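Written out below as structure tokens is the structure these notes cover.
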Amino acid sequence: MDLRLSSSRFRTKDRIIAAVVMVLTALILCWAIILSGSQLGRGAADDWNYHWVAIQQFAQQLPAPDLTDYASATTPAYHLLLAGFAKAGLGHTGIQLIASLWTLLLFGILGWIASARFGKLAFVAVLPMLASIYVLHAGVWLLPDNAGWLGVLLILLLALRSEQGWRTWAISGLVLFVLVWFRQIHIWIAGVIWLSAWLGSQDQTPTLGSFFSGLFDRGGRAFIALACTVPAAGALFWFMGIWGGLVPPTFQEQHQGPNPATPGFILTQLAIISVFFLPMLWPHLKEAWKHQWAWIILAVIIGCMLGVLPASSYSYDDGRYSGWWRFVNQAPVVFDRSPIIMLGSVFGSIMLVVWLSLCTRRDAWIWIGAIVAFIVAQSANHASWQRYHEPMLLMMVLLILVRSPRAETFTRRVMLGSLALSLAFGAITAMSMYYAAENELQDQGQTTRHPQVRAESTIAFESRSGIIKIK
């Protein structure tokens, strides 16, 4: 991956050490929870109630699994790969350890990339990702999220390379094809592949006024990139055909359908993350106001529209619950609009401009395309859940900091911001696990909270092929 802006600052040995430390930290944390036998919290519930059921279902059906309907809202590659281990007799804990390898690889790559800018301090820069409950849970329990984020990260790194060519787009298309088999929602990143081809290499990057210049050359490159993503699109259309929708039939009433509150909610999350980096961002905000004030005014207008026009109060039926939505539920509401989301959307839009001001021109174009495509794709999901958004925002911030030619002078502030954000996320994760344990203690002696957790339980899952019984 191209990180020529800063890759020469640190020796390869230092970078390897940084990546290994990151992997070992993730391994110790994830495996400690796995080997503790913890079955508490949302991650465990989704594991036992859905993904473990789908894995066992496919294990029973191998070598001809029924993909028309199963106990997960995602495409089936994650479950199919693990089903082979289940069929071989490996238990839930053993499969958890194997599944955690996606997370360890994700953090190994993040540690290596971050070490190009921060050397051994890369650990601190990447720590917010590990502290996030939505990343950690997917490294502990059988959730396909981190396998999907790994694919997203690889394609982003390829798109951000300063040198572009058909080999890069072909590799990106191959990664996208595999990614769609893990998480169909990530088809959005095909647009980033097309955009990277349209932009071309670093010396071909257009300004805003020349974006459509050299139409023949840019169009030819984009067409090649488009062709490279056809297999992934074909896979998605095939799944849509056998499902009759974007998700398996069992989940179509839960996930299918737009949620107009999602753009403002995503920007609010970016605003919250940005607060921890304000000591670094504030000087750049003042500079952006002097030289790019029109972009900030435009950001305020867009943020205001996204935060004010759609209803943004807490609503379980409308998919606005869990995560930061709990705080929205505690705050006043004005005409079914949350002041938290309204203000957060505006501040998040402004901070997005500031983050982009740290980038090279080509990187800024890539991130504009990525965040727009990501928001559009996530808005198509009825469930506006933080766990679908936060990892992407954290990766974006990290990669901007790593690649920015301007952030180097603020390394100490970056480290302090990352550490503070890690402590905040870590506290949320720890409290979540504590309250899950407390609730479990309160439920003892009453109805078992998740009967699927018991190995001797029998689970019946109804699919198009009939009733699947899993013991």
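One line per residue, one yes/no per condition, for (1) crowded, with 21+ Cβ neighbours inside 10 Å; (2) in a helix (DSSP H, G or I); (3) in contact with a Gly (Cβ under 8 Å, 6 or more places away or on another chain):
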site	(1), (2), (3)
Ile368	no, yes, no
Ala377	no, yes, no
Ser384	yes, no, yes
Arg387	no, yes, yes
Leu398	yes, yes, no
Pro405	no, no, no
Arg413	no, yes, no
Leu416	no, yes, no
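Select from the range 272-325 the residues that are in a helix (DSSP H, G or I), in contact with a Ser or Thr (Cβ under 8 Å, 6 or more places away or on another chain), under 25 Å from Pro391 (Cα atoms) and not β-branched (Val, Ile, Thr) and list them in ascending order.
Hits for the range 272-325 are Leu281, His284, Ala299, Gly303, Cys304, Leu306, Gly307, Trp325.
Can you give me the number of residues within the range 386-424 that are closer than 14 Å to Leu270 by Cα and among the aromatic types (Phe, Trp, Tyr)?
Summing the residues that are closer than 14 Å to Leu270 by Cα and among the aromatic types (Phe, Trp, Tyr) in the range 386-424 gives 1.
Checking Ala299 against (1) closer than 30 Å to Arg406 by Cβ; (2) touching a residue at least 60 places away in the same chain (Cβ under 8 Å), which test does it fail?
Result: Ala299 fails condition (2) only.
Residue-wise test of (1) part of a helix (DSSP H, G or I); (2) farther than 21 Å from Phe239 by Cβ; (3) of a type in the set (Val, Ile, Thr); (4) in contact (Cβ under 8 Å) with a residue 40 or more places away in the chain.
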site	(1), (2), (3), (4)
Ala114	yes, yes, no, yes
Val135	yes, yes, yes, yes
Ile155	yes, no, yes, no
Trp181	yes, no, no, yes
Trp188	yes, no, no, yes
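Determine if the range 337-359 includes at least one residue that is under 24 Å from Ile189 (Cβ atoms), assigned to a loop (DSSP other than H, G, I, E, B) and not small (Gly, Ala, Ser).
Yes, there is a match, as at least one residue in the range 337-359 is under 24 Å from Ile189 (Cβ atoms), assigned to a loop (DSSP other than H, G, I, E, B) and not small (Gly, Ala, Ser).
Which residues, counting only those in the range 33-48, are in contact (Cβ under 8 Å) with a residue 40 or more places away in the chain and either more than 20 Å from Ala77 (Cβ to Cβ) or among the aromatic types (Phe, Trp, Tyr) (or both)?
Ile33, Ile34, Leu35, Gly37, Ser38, Gln39, Leu40, Gly41, Arg42, Ala44, Ala45, Trp48
Working only within the range 174-192, note down all residues that are closer than 23 Å to Ala73 by Cα and either buried (at least 23 other Cβ atoms within 10 Å of the Cβ) or within 14 Å of the chain's Cα centre (by Cα) (or both).
Leu176, Leu179, Val180, Phe182, Arg183, Gln184, Ile185, His186, Ile187, Trp188, Ile189, Ala190
Here is a list of conditions, (1) free of Cβ contacts under 8 Å to residues at least 24 places away in the same chain; (2) crowded, with 20+ Cβ neighbours inside 10 Å; (3) not charged (D, E, K, R), and Ala427 meets all of them except one; can you say which number that is?
Evaluating Ala427 over (1) free of Cβ contacts under 8 Å to residues at least 24 places away in the same chain; (2) crowded, with 20+ Cβ neighbours inside 10 Å; (3) not charged (D, E, K, R) leaves (2) as the failure.
Every number here is computed from the coordinates shown, using simple stated rules; none is lab data. Just so it is clear, the structure is predicted and the values come from calculations on it, not from any experiment. Every residue, glycine among them, receives a Cβ derived from its backbone with ideal geometry; neighbour counts consider all protein chains shown.
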